[in-house]
1. Work out, step by step, the length gained on full extension between SER97 and ILE24: first 0.36 nm times the residue separation, then minus their alpha carbon distance; give nm to one decimal.
2. Taking H as built 1.01 Å from N, whose amide H comes closer than 5 Å to the amide H of PHE133, not counting residues under 5 places away?
3. Ranking request for peptides 40-48, 93-101, 114-122, 127-135: highest mean number of other beta-carbon atoms within 10 Å first, then the rest in descending order.
4. I'd like the Karplus ³J(HN,Hα) series for the stretch 22-29: coefficients 6.51, -1.76, 1.60, θ = phi - 60°, whole numbers in Hz, and an x wherever there's a Gly or Pro.
5. Mind listing the long-range amide H neighbours of VAL111? Cut-off is under 5 Å, sequence gap 5 or more, other chains count too, H placed in the peptide plane at 1.01 Å from N.
6. If the reach is capped at under 20 angstrom between alpha carbons, list the lysines near LYS100, excluding any in the same chain fewer than eight residues apart.
Amino acid sequence: MGFVSEFKEFINKGNVMDMAVGVIIGGAFTAIVTSLTDNIINPFIKFITGGNGTEVGGLVVPGTEIDFGAFISACINFLIIALIVFLIVKSFNKMQSLTKKPAEPEPDAPVCPFCLEEVKEGATRCPHCSGAFEEPAKSA
């Protein structure tokens with residue numbers, strides 16, 4: 001199978017659409033979560049640590065570019081986005097499991113009357129104990 005035909009098969013399976021939707025939703029959630037941390041969580045951290053409005057007091061190393069407040073915000077961003085993606089995947093999997101049709105139960109395989117082991121349908125002897133059947137084995 002050539003590269004082009006494999007690519008066509010990939011596109012036709014719907015994987016590309018699933019990926020595109022995931023990227024778009026991820027971008028939207030990232031913007032929302034970034035806004036949450038920048039506008040609500042960071043000011044709260046600044047208030048608690050006594051920051052002056054531009055820096056988070058006690059979380060910036062003086063004279064350097066090291067800003068632990070920004071790092072904490074990025075960690076909170078990541079955790080919130082990971083939680084949201086986890087919940088979306090979990091609910092999607094639950095929805096798929098609810099919409100699946102239950103599998104048809106397989107008919108019971110015939111059983112040897114002598115040793116009670118399974119035998120193939122139509123067998124005239126048991127492959128386990130060599131017991132001879134009066135008629136070919138049938139499913140129950």
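1. Stretched fully, the SER97-ILE24 segment lengthens by 23.8 nm.
2. ARG125, CYS126
3. 40-48, 114-122, 127-135, 93-101
4. Going residue by residue, I get x, 5, 5, 5, x, x, 5, 5 Hz, with x marking Gly and Pro.
5. VAL119
6. The reachable lysines, counting only those whose Cα sits under 20 Å from LYS100, are LYS13, LYS90.
Values in this text are rule-based calculations from the coordinates and carry no lab data. All values reported here derive from a predicted model rather than from experimental measurement. A quick note on method: Cβ atoms are made from the backbone with ideal geometry, for glycine too, and the neighbour counts reach across all protein chains shown.
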